[in-house]
Amino acid sequence: MEIGGIAPDFALMDQHGTPVRLSGLRGEPVVIVFFPAAFTGVCQGELHELATVEARVLAISVDSMFALRAWADREGYSFPLLSDFWPHGQVARAYGVLDEEKGRARRGTFILDGEGVLRWQIETAIGQPRDVTEYRKVLTQL
């Protein structure tokens, strides 16, 4: 994906079975966060920090909606955890962050402006947590 281009649209079910369509969120900045797996330490810490970001946060993994619901309930996440379970990893693949060999999303982050234009992106190593400070800097410029 190119900075300055429109992010690929998608519709995925959140942890409650409610469909969320990216294009339906126009008008506000969106932070799309792909994470490898629910119930993992690095992902858990990251998502707790993301709850403090002043933007719409969409967290996506290839976990099932049911696993994401159990994890969100346990951790108290207030933003949508979206299931890219089937077709397996289709959205992660569209964003270029699907690890085809392991069948899970890599740790990719995409920040979109209110028009759905990609303004910033980063991919971090599987065991390396993301720096939420960077997100805040980017979001203040939108």
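The values are calculated or read from the model by the stated rules, or taken from the named source; none is laboratory data. As the structure is a computational prediction, the values presented were derived from the model and not from experiment. For neighbour counting, all protein chains shown are included, and Cβ atoms are generated from backbone atoms with ideal geometry for every residue, glycine included.
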Across region 91-112, what is the number of residues that are assigned to a loop (DSSP other than H, G, I, E, B) and crowded, with 21+ Cβ neighbours inside 10 Å?
-> 2
Which residues, counting only those in region 113-142, are under 26 Å from P19 (Cβ atoms), among the charged types (D, E, K, R) and not in a loop (DSSP other than H, G, I, E, B)?
-> R119
Residue check for D131: surrounded by fewer than 21 Cβ atoms within 10 Å (Cβ to Cβ), acidic (D, E), closer than 15 Å to L50 by Cβ and out of contact with any helix residue (DSSP H, G or I) (no Cβ under 8 Å at 6 or more places or on another chain) | yes
Can you tell me which residue in region 10-40 is modelled with the lowest pLDDT, limited to those that are surrounded by fewer than 20 Cβ atoms within 10 Å (Cβ to Cβ), of a type in the set (G, A, S) and under 16 Å from A72 (Cβ atoms)?
-> A37
